[in-house]
Amino acid sequence: MPNVKLTKGELKRQRDALRQYQRYLPTLQLKKQQLQMEILHQNAILVKKEENLNEKQNAAKAWAGLLSDPAIDMRSWIAPREVVAGLKNIAGVDLPVFDHLEFTAEEYNLFIIPLWVDAAITVLRELVSLRRELDIIREGIAVLKRELRITTQRVNLFEKVKIPEAREIIRLIKIYIGDQMANAVGRSKIAKRKIEEAVLEEVAV
């Protein structure tokens with residue numbers, strides 16, 4: 001516990017601080033709950049998206065062997081040109097939200113390239129988009145977990161340190177001031193009695 005002045009001014013300061021801690025703590029606790037709920041929600045979304053990705057990848061295995069044709073290089077057709085994403089605010093935290101990927105329009109000779117390439121490009125772009133979306137969801141969960149850790153530390157600081165410390169300081173100051181007042185009353189009574197005794201002695205003389 002820090003060294004504090006045992007004065008009425010310090011007593012007021014500690015009481016004000018305690019009220020501030022007690023007013024701020026519920027907001028922190030609410031934020032902590034919101035973050036925990038959003039992490040659970042994002043994890044559930046992540047699991048569903050991963051299952052979706054696995055299903056699409058398994059479905060693509062049936063024709064994936066066609067991609068080994070050296071005459072057909074599809075990398076430029078499925079490489080994203082731009083990631084379109086936004087932000088949403090959860091408990092004061094900005095989370096990235098995936099929207100879609102922008103791809104460069106494919107240009108190839110329809111008379112040379114096999115018909116299956118169109119369908120393959122569509123499926124592969126879906127897979128690339130899903131993987132990027134999963135990356136963004138994981139980034140968001142990491143942001144939420146980092147903020148939850150900071151918020152939990154603050155909740156613990158208020159609950160286990162600041163509030164008990166302020167209460168203890170207030171208790172000690174009140175005891176000290178009470179003792180001082182009691183001593184002052186005692187000294188006042190002694191002084192009054194001495195004055196009365198002195199007056200009586202003068203009267204007697």
Query raised in the report: So how much slack lies between Asn3 and Val83, counting 0.36 nm per residue of separation and subtracting their Cα-Cα distance, in nm?
Result: 23.3 nm
Query raised in the report: With a 10 Å Cβ neighbour count serving as the proxy for reagent exposure, in which order, fewest first, do Ile177, Ile121 appear?
Result: Ile177, Ile121
**Report entry** Estimated FRET transfer efficiency (Ala62, Asn156; beta-carbon r; R0 41 Å; 0.05)
**Finding:** 0.15
Report task. Fewest Cβ neighbours within 10 Å first, please rank Tyr21, Tyr176 accordingly. Result -> Tyr176, Tyr21
Query raised in the report: What's the extension gain from Glu107 to Val128 if we count 0.36 nm per residue and subtract their Cα-Cα distance?
Result: 5.7 nm
Report task. Sort segment 27-100 into rounded, prolate or oblate with this rule: let a ≥ b ≥ c be the square roots of the eigenvalues of the Cα gyration tensor; rounded if a/c is under 1.5, and if a/c is not under 1.5, prolate when a/b is larger than b/c, oblate otherwise. Result -> oblate
Report summary line: Rounded to one decimal in nm, the spacing of the 7 Å Cα→Cβ label points at Ala182 and Ala44 is 5.9 nm
Query - Residues of type aspartates and glutamates that Lys5 reaches as a straight line, Cα spacing below 19 Å, ignoring anything fewer than 8 places off in the same chain - result: Asp16, Glu165, Glu168, Asp179
Query raised in the report: Which lysines have a Cα lying under 18 Å from the Cα of Lys88, excluding residues fewer than 8 positions away in the same chain?
Result: Lys31, Lys32, Lys145
Report task. Sort Ile141, Ile175, Ile169 so that the residue with the fewest other Cβ atoms within 10 Å of its own Cβ comes first and the one with the most comes last. Result -> Ile175, Ile141, Ile169
Requested in this report: Round to the nearest 0.05 the FRET efficiency obtained for Glu10 and Ala142 when R0 = 45 Å and r is the Cβ-Cβ distance.
Outcome: 0.55
Query - Size of charge dipole - segment 8-187 - debye, nearest 20, with Cβ of Lys, Arg +1 and Asp, Glu -1, no other charges - result: 2020 debye
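Just so you know, all these numbers are worked out from the coordinates, no wet-lab data involved. Just so it is clear, the structure is predicted and the values come from calculations on it, not from any experiment. Using ideal geometry, Cβ is built from the backbone for each residue, glycine included, and neighbour counts are taken over all protein chains shown.
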